[in-house]
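Worksheet: the structure to be examined is printed underneath.
The values are calculated or read from the model by the stated rules, or taken from the named source; none is laboratory data. What you see is a predicted model; the values in this text were computed from it and never measured. Note that each Cβ is placed from the backbone with ideal geometry, even for glycine, and that neighbours are counted across all protein chains shown. Remember, those area values only see protein heavy atoms, side chains included, never the ligands or the DNA or RNA. Shrake-Rupley method; radii C 1.70, N 1.55, O 1.52, S 1.80 Å.
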Amino acid sequence: MASLSVKPGQRFTVPDWHNNSHRISADAERQRSASHHVRQEARALRNNTGNQAKWDESDSRTYLNERITSVNRWREVLAKCLTDTDLEIDTLTKVKEAAEDALQAKNLCLDVAIECLTFRESRRNIDVVRDPVEEELLREVKVIKKTKKELQQRVDEAFQRLCLLKEARQQLSLDHRHKVETLELDQQCLSCNVTSGNISFKVNPTRIPNGTTALREWEENSQRNKDRAEAEMKASVDLRGAILLTIAQTNNELEAQRTATEFALRKRIRDMEGALSELRWQEQNTLEEIAEMEENIRQLEEALQKRTLDLKVAHTRLETRTHRPHVELCRDQAQCGLTGEVRALEAAIRALQQKRTESQNALDALYRQLHRIQTDIGYKTNSLQLDNKCLETRRKLVIPLEKFDPEVDAVNRTRNLPRNSHLEL
């Protein structure tokens with residue numbers, strides 16, 4: 001007879017079986033509830049994080065747009081300031097060149113004045129006088145040196161101001177270039193989105209880089225660069241006005257001194273010509289007097305010769321009458337007459353000789369005076385030639401004074417200079 005095999009192991013009761021079923025069902029219900037709760041929280045989280053990300057990204061775009069607008073505004077301000085600075089540098093450079101040309105032109109004036117003084121050093125003897133012409137020439141040299149010193153000082157000031165302007169421009173240019181680069185980077189950030197191909201995770205992107213500045217410091221830096229450039233431009237405008245005024249003043253002063261020198265020189269030439277005319281008149285009269293005195297001496301010589309012959313005759317008569325014999329040798333009327341004649345002739349000869357000596361002395365004095373006159377004529381002729389040479393030399397000084405009256409641009413604070421603002425020789 002077959003036997004029923006019984007599986008070994010624990011046997012559960014029916015209640016256990018029901019309890020197990022109920023427990024499994026309850027656990028399933030609990031797990032589904034928990035899962036539903038998690039799903040609800042996940043959906044809410046997805047919505048919240050998605051909305052927050054959109055708002056944050058929108059805020060970031062707004063901030064980037066605002067930042068781009070701010071940086072672009074400063075870029076435009078700095079660009080305009082750069083343009084004004086470049087224009088001011090160019091204008092100041094032209095004024096500086098005008099001052100250098102004016103300074104260079106003074107060299108010719110100085111050379112001419114020194115050349116005139118050198119010419120006049122060739123005067124001789126009494127004509128070497130400290131006359132008004134020499135005083136005006138020395139004063140002209142002094143004025144030229146003073147004007148050259150003033151112009152050189154203005155040129156140095158313009159050079160220093162140009163260096164400061166270029167330094168300020170360099171700061172502006174650097175700030176402007178940085179803002180252009182910043183605009184490019186911020187616009188690149190603004191155009192970046194989830195579909196961009198260059199997005200990736202970065203190492204510690206929220207770090208604060210070295211050299212980071214505060215927003216206020218950033219604005220103060222740009223404002224400081226702008227204010228410095230404007231201050232340098234204002235100082236440059238003032239300096240340009242001072243340079244142009246100095247050029248005009250020095251030209252007027254030098255022109256006035258040149259006019260005074262030439263006036264004195266022309267007056268001296270007229271005085272010299274008058275003195276030469278007087279000396280030539282004196283020379284002519286002296287020559288006429290010499291001729292008359294020589295004729296007078298010749299007549300005195302003739303008279304002296306005649307009286308000498310007469311005296312010889314009287315001596316011969318007296319000596320011959322000394323040979324009268326014996327009592328015939330008496331002091332008769334003829335003897336007394338001859339004796340008186342001899343004495344009279346001797347006195348006349350002495351008077352003629354004395355007058356001849358006086359006439360010869362007077363003639364020698366006339367010749368000495370003629371030599372002095374002719375020498376003085378030579379001195380004055382030489383001086384007149386030198387002064388005329390000075391006057392001819394000074395004709396090289398054709399200096400048209402530039403009337404610097406540039407128009408002022410109130411907007412750009414610049415002056416419109418004449419193109420040809422240098423001094424033409």
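Looking at Leu276, Leu244, Leu311, Leu304, just one residue is over 30 Å from Arg368 (Cα atoms), open to solvent by less than 20 Å² (accessible area, probe 1.4 Å) and either assigned to a helix (DSSP H, G or I) or out of contact with any strand residue (DSSP E or B) (no Cβ under 8 Å at 6 or more places or on another chain) (or both), and that residue is Leu244. Cβ separations smaller than 9 Å between residues 6+ apart or across chains give the following pairs from the range 106-129 residues that are open to solvent by 80 Å² or more (accessible area, probe 1.4 Å) and assigned to a helix (DSSP H, G or I) to residues that are modelled with pLDDT of 85 or more and polar (S, T, N, Q): Asn125/Thr375. Could you look through the range 168-185, keep only residues that are under 21 Å from Ala231 (Cβ atoms) and free of Cβ contacts under 8 Å to residues at least 40 places away in the same chain, and pick out the one that is most open to solvent (accessible area, probe 1.4 Å)? Looking at residues that are under 21 Å from Ala231 (Cβ atoms) and free of Cβ contacts under 8 Å to residues at least 40 places away in the same chain, I get Gln170.
Among the residues of the range 286-293, none qualifies, meaning not one is assigned to a helix (DSSP H, G or I), open to solvent by 60 Å² or more (accessible area, probe 1.4 Å) and under 17 Å from Lys389 (Cα atoms). Being of a type outside the set (Gly, Ala, Ser), over 30 Å from Gln369 (Cα atoms) and outside any loop (DSSP other than H, G, I, E, B) holds for only one residue in Cys336, Cys330, and it is Cys336.
Could you please let me know if Gln188 is open to solvent by 80 Å² or more (accessible area, probe 1.4 Å) and modelled with pLDDT of 90 or more? In short, no. Among the residues of the range 78-96, are any over 22 Å from Leu174 (Cα atoms), at pLDDT below 90 and either loosely packed, with under 12 Cβ neighbours inside 10 Å or among the hydrophobic types (A, V, I, L, M, F, W, C) (or both)? No, every residue in the range 78-96 fails to be over 22 Å from Leu174 (Cα atoms), at pLDDT below 90 and either loosely packed, with under 12 Cβ neighbours inside 10 Å or among the hydrophobic types (A, V, I, L, M, F, W, C) (or both). Of the residues making up the range 138-163, those that are loosely packed, with under 15 Cβ neighbours inside 10 Å and over 28 Å from Phe119 (Cα atoms) are Gln152, Gln153, Asp156, Phe159, Gln160, Cys163.
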